[in-house]
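The values are calculated or read from the model by the stated rules, or taken from the named source; none is laboratory data. All values reported here derive from a predicted model rather than from experimental measurement. Because the Cβ atoms are built from the backbone with ideal geometry, glycine has one as well, and the counts that use them run over all protein chains shown. Protein only, heavy atoms only, side chains kept; ligands, DNA and RNA dropped before computing areas. Shrake-Rupley method; radii C 1.70, N 1.55, O 1.52, S 1.80 Å.
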Amino acid sequence: MIKAIIFDLDNTLLDFMKMKRTAVEAAADAMIDAGLNITKDKLIEKIYSIYWKEGIEDQQIFDKVLLQEFGYIDYKILAAGIIGYRKAKEAALSTYPHVHLTLTELLKRGIKMCVISDAPKLHVWMRIVALNLQNYFEFVLTAEDTGEKKPSPKPFLIALERLKTTPKETLMVGDWVERDIIGAKQLGIWTVFARYGDDFNTQDSGADFEITDIIQLLDIIEKVKEKEQLFLFEEKK
């Protein structure tokens with residue numbers, strides 16, 4: 001029986017890449033409007049080239065683009081980019097369909113929930129609170145809390161200890177195979193691949209289950225119960 005669910009955050013509960021794309025486009029428009037002499041397509045390409053190299057959460061992204069492209073920082077242009085980014089980010093931040101509905105139903109069923117994220121701790125909490133998700137979770141773990149990122153077993157082991165559940169009483173839901181699915185499977189935790197959040201065009205997730213809508217978790221909980229009952233029945237034969 002499933003007693004707890006561990007969630008990834010970005011691209012599992014919230015549409016992080018949609019938010020990122022919207023914010024980057026707004027920042028590019030604002031920087032060009034402020035006088036930056038570059039085409040929008042080229043600027044966006046340069047922004048993402050640094051993101052992919054140094055991390056999608058890079059907080060000095062516009063500083064680095066300006067230094068790389070022009071050799072200095074024009075603070076009028078930098079400020080325009082930061083403000084444009086922040087305004088668009090706040091407007092674009094949203095959960096996937098049925099997230100609140102599903103989490104509410106899971107709470108009603110007495111299932112404990114937590115989040116494990118590799119994103120910076122403050123940013124994780126800012127997103128969770130902005131989307132009014134904070135009251136669903138027993139706790140939130142980031143790499144700053146555990147000292148290690150997924151797929152290291154350490155975050156998952158800490159989560160299991162705090163949830164007071166065994167791997168077979170626990171689901172892990174995430175969009176990133178190498179981190180979320182592999183990390184959980186190595187400990188025997190049931191895994192659910194959030195295909196709706198997949199940005200890597202993953203062909204074979206290797207997960208126990210796949211979902212295209214988070215509400216399908218409710219059916220998966222029943223499927224796990226059925227599998228366990230079948231296993232017990234086969235053992236008794």
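Just to be sure I understand, how many residues within the stretch 198-215 are open to solvent by 90 Å² or more (accessible area, probe 1.4 Å) and not acidic (Asp, Glu)?
Summing the residues that are open to solvent by 90 Å² or more (accessible area, probe 1.4 Å) and not acidic (Asp, Glu) in the stretch 198-215 gives 4.
Give the stretch 39-69 a look and list any residue that's surrounded by 17 or more Cβ atoms within 10 Å (Cβ to Cβ) and either of a type in the set (Lys, Arg) or touching a His at 6+ places or on another chain (Cβ under 6 Å) (or both), or say none.
Lys46, Lys64
Mind listing whichever residues of the stretch 50-79 are in contact with an Asp or Glu (Cβ under 7 Å, 6 or more places away or on another chain) and under 16 Å from Ala23 (Cα atoms)?
The answer is Ile50, Tyr51, Leu78.
Which one is surrounded by the most Cβ atoms within 10 Å (Cβ to Cβ) among residues in the stretch 71-80 that are of a type outside the set (A, V, I, L, M) and closer than 17 Å to Asp33 by Cα?
Asp74
Sort out for me the helices (runs of 4 or more DSSP H) sitting completely within the stretch 73-143 that have 1 or more residues that are modelled with pLDDT under 95.
75-92, 121-130
If the requirement is being without any contact (Cβ under 8 Å) to a residue 12 or more places away in the chain and either among the charged types (D, E, K, R) or surrounded by 15 or more Cβ atoms within 10 Å (Cβ to Cβ) (or both), which of these qualifies: Lys112, Lys108, Lys89?
On the way: Lys112 fails: without any contact (Cβ under 8 Å) to a residue 12 or more places away in the chain; Lys89 fails: without any contact (Cβ under 8 Å) to a residue 12 or more places away in the chain.
Exactly one of Lys112, Lys108, Lys89 is without any contact (Cβ under 8 Å) to a residue 12 or more places away in the chain and either among the charged types (D, E, K, R) or surrounded by 15 or more Cβ atoms within 10 Å (Cβ to Cβ) (or both), namely Lys108.
So which residues in the stretch 170-197 are open to solvent by less than 30 Å² (accessible area, probe 1.4 Å), in a loop (DSSP other than H, G, I, E, B) and within 20 Å of Ala119 (Cβ to Cβ), if there are any at all?
Asp175
In the stretch 1-25, which residues are part of a helix (DSSP H, G or I), open to solvent by 30 Å² or more (accessible area, probe 1.4 Å) and either in contact with a helix residue (DSSP H, G or I) (Cβ under 6 Å, 6 or more places away or on another chain) or without any contact (Cβ under 8 Å) to a residue 12 or more places away in the chain (or both)?
Arg21, Thr22
Evaluate the following for Leu157: is it under 25 Å from Gln216 (Cα atoms) and without any contact (Cβ under 8 Å) to a residue 60 or more places away in the chain?
So Leu157 does not fit the description; no.
Just need a number here: residues in the stretch 151-169 that are in contact with a helix residue (DSSP H, G or I) (Cβ under 6 Å, 6 or more places away or on another chain) and open to solvent by 10 Å² or more (accessible area, probe 1.4 Å).
Matching residues across the stretch 151-169 total 3.
What number of residues within the stretch 92-105 satisfy the criterion of being aliphatic (A, V, I, L, M) and open to solvent by 50 Å² or more (accessible area, probe 1.4 Å)? Spell out the reasoning first.
Initial filter on the stretch 92-105 (aliphatic (A, V, I, L, M)): 92-93, 99, 101, 103.
Then drop every residue that is not open to solvent by 50 Å² or more (accessible area, probe 1.4 Å), which leaves 101.
So the answer is 1.
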